[in-house]
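Engineer: The structure follows.
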Amino acid sequence: MSSVETITQVTESIPAALSLRPSAKSQENNAQEAQPTSQEEAYRYARLLPAFPKDEHYPALTPFEHVDPAARALGHANPRAFIDNATSIVELTPNLGTEIHGVNLASLDSDGRDQLALLVAQRGLVVFRDQQDFIDRGPDFYLEWGRHFGRLHIHPTSGHPEGYPELHLVYRDAKSTFNFERDDSITSTVWHSDVSYELQPPGLTTFFLLSQPKTGGDTLFTNQESTLKKLSPQFVAFLKTLKAVHSGVEQANFSRSGRRGGVVRREPVENVHPIVRKHPVTGQESLYVNRQFTKRIVGLKREESENILKFLYDHIDKGGDVQARVHWTPNTVVLWDNRNTAHSAIVDYGGSKERRHGARITPQAERPIPAFDGLDLSA
């Protein structure tokens, strides 16, 4: 079945069951660890601390037709008009990442947001500094912002601000962590594309920190278009014929074990995606596997699948020449395209006991488009 045939229903807004706010009863059931102590009452963003209502459950996601706002910007007379008055535009690397100063994201109109989406699709990663106005607009504004770029995803296991399940939070302090972290590895680097196990994973994503350590806690990004181009044409041609299973089961089990707040709001899913996908706006091809959620290659023997995936993961890990590192400073907002990048948090600040508190706005996009025409994505 093709992706067009799969997406049979236009669903521009989240179904009623998904838009429900937690009840007063559920508010009483939040994980106690996530509640601000008396010492934290003055914390500026206390209302955005993670909550984990125990009676919050949602049905399976339904397919919807995604219209990418970046495509609209292609028809604009000047697709970069929104940064014409920027005070500084710096390319972080030749092929990945642009840092911009002097543009207030909160003031962008619809055309400006379309143009932003196109720039993120083209550069993979765009960093905006001095965005206190955006961050201080609060959760209702965050939702309005995110819905411009697609249907908002409700994460099945992460914490969210009370009453705003569409906002994914990362949180770690001296006493607790509510992140999906592995403590049995020699490294905290785990490359991934957010919730790639969904049938329609995210496209453009917005992320910012509300509180951060004095040093450390950076985020690594890699350009999956460039990682693909590093491979030989013959091998890429073979990869284009392959599809892989992406699974949310491990993440759900991590929460069911009592960690990360201990909730599973929606039953975990597994979906099949092409190993090489094509961007719907730029037409560029990207490697689309990640160590966190990709589990096996469909149709190959176990040893064949494991060896190919290990090679690809090692290739991603070691590709320092196609990576960029975002150093967080206060009031920074970062946008990336999950379709052509992967990223990893760097947990190197645990010894400082400082808080790292971030919010992610995560619109879903289209079902991944195979770079190989006619690839059958049924399992």
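The values are calculated or read from the model by the stated rules, or taken from the named source; none is laboratory data. Because the structure is a prediction, the values reported are computed rather than measured. Heads up, the Cβs are rebuilt from the backbone with ideal geometry, glycines too, and the neighbour counts pull from every protein chain shown.
Engineer: State whether one or more residues within the stretch 151-164 are at pLDDT 95 or above, over 29 Å from Lys54 (Cβ atoms) and surrounded by fewer than 21 Cβ atoms within 10 Å (Cβ to Cβ).
Structural biologist: no
Engineer: List pairs: first residue in the stretch 62-87 and free of Cβ contacts under 8 Å to residues at least 60 places away in the same chain, second residue aromatic (Phe, Trp, Tyr) and in a loop (DSSP other than H, G, I, E, B) anywhere in the structure, Cβ distance under 7 angstrom, at least six positions apart or on different chains.
Structural biologist: Partner pairs satisfying both residue conditions: none exist.
Engineer: Do we have Ala379 as modelled with pLDDT under 95 and out of contact with any Phe, Trp or Tyr (no Cβ under 7 Å at 6 or more places or on another chain) here?
Structural biologist: Yes: the conditions hold for Ala379.
Engineer: Here is a follow-up. So for the stretch 138-145 (the condition being within 27 Å of Ala46 (Cα to Cα), in contact with a strand residue (DSSP E or B) (Cβ under 9 Å, 6 or more places away or on another chain), at pLDDT 95 or above and not hydrophobic (A, V, I, L, M, F, W, C)), does at least one residue qualify?
Structural biologist: Checking the stretch 138-145: at least one residue is within 27 Å of Ala46 (Cα to Cα), in contact with a strand residue (DSSP E or B) (Cβ under 9 Å, 6 or more places away or on another chain), at pLDDT 95 or above and not hydrophobic (A, V, I, L, M, F, W, C).
Engineer: Further, regarding this structure: Answer yes if at least one residue in the stretch 276-286 is touching a Gly at 6+ places or on another chain (Cβ under 8 Å), buried (at least 17 other Cβ atoms within 10 Å of the Cβ) and farther than 30 Å from Phe134 by Cα, and no otherwise.
Structural biologist: no
Engineer: Tally the residues that are within 19 Å of Leu49 (Cα to Cα) and touching a residue at least 12 places away in the same chain (Cβ under 8 Å), restricting the search to the stretch 108-137.
Structural biologist: Counting residues in the stretch 108-137 that are within 19 Å of Leu49 (Cα to Cα) and touching a residue at least 12 places away in the same chain (Cβ under 8 Å) gives 4.
Engineer: If only one of Ala51, Ala46 is modelled with pLDDT of 50 or more, closer than 28 Å to Tyr171 by Cβ and surrounded by fewer than 17 Cβ atoms within 10 Å (Cβ to Cβ), which one is it?
Structural biologist: Testing whether each residue is modelled with pLDDT of 50 or more, closer than 28 Å to Tyr171 by Cβ and surrounded by fewer than 17 Cβ atoms within 10 Å (Cβ to Cβ) leaves just Ala46.
Engineer: Which residue, of Arg339, Arg360, is over 20 Å from Leu242 (Cα atoms), of a type in the set (Lys, Arg) and buried (at least 20 other Cβ atoms within 10 Å of the Cβ)? Spell out how you get there, then give the answer.
Structural biologist: Details: Arg339 fails: over 20 Å from Leu242 (Cα atoms).
After ruling out the rest, the residue left standing is Arg360.
Engineer: If you check every pair at least six apart or on different chains, which have Cβ atoms under 6 Å apart with a residue in the stretch 361-378 that is in contact (Cβ under 8 Å) with a residue 60 or more places away in the chain and closer than 30 Å to Gly138 by Cα first and a residue that is of a type in the set (Val, Ile, Thr) and buried (at least 20 other Cβ atoms within 10 Å of the Cβ) second?
Structural biologist: Ile361/Thr206; Thr362/Thr205
Engineer: While we're here: From the list Asp136, Asp130, Asp218, pick out the single residue that is among the acidic types (Asp, Glu), within 29 Å of Ser88 (Cβ to Cβ), surrounded by fewer than 22 Cβ atoms within 10 Å (Cβ to Cβ) and touching a Lys or Arg at 6+ places or on another chain (Cβ under 7 Å).
Structural biologist: Working: Asp136 fails: touching a Lys or Arg at 6+ places or on another chain (Cβ under 7 Å); Asp130 fails: touching a Lys or Arg at 6+ places or on another chain (Cβ under 7 Å).
After ruling out the rest, the residue left standing is Asp218.
Engineer: Just for helices (runs of 4 or more DSSP H) wholly inside the stretch 168-268: which have at least 3 residues that are over 26 Å from Trp145 (Cβ atoms) and modelled with pLDDT under 95?
Structural biologist: 249-256
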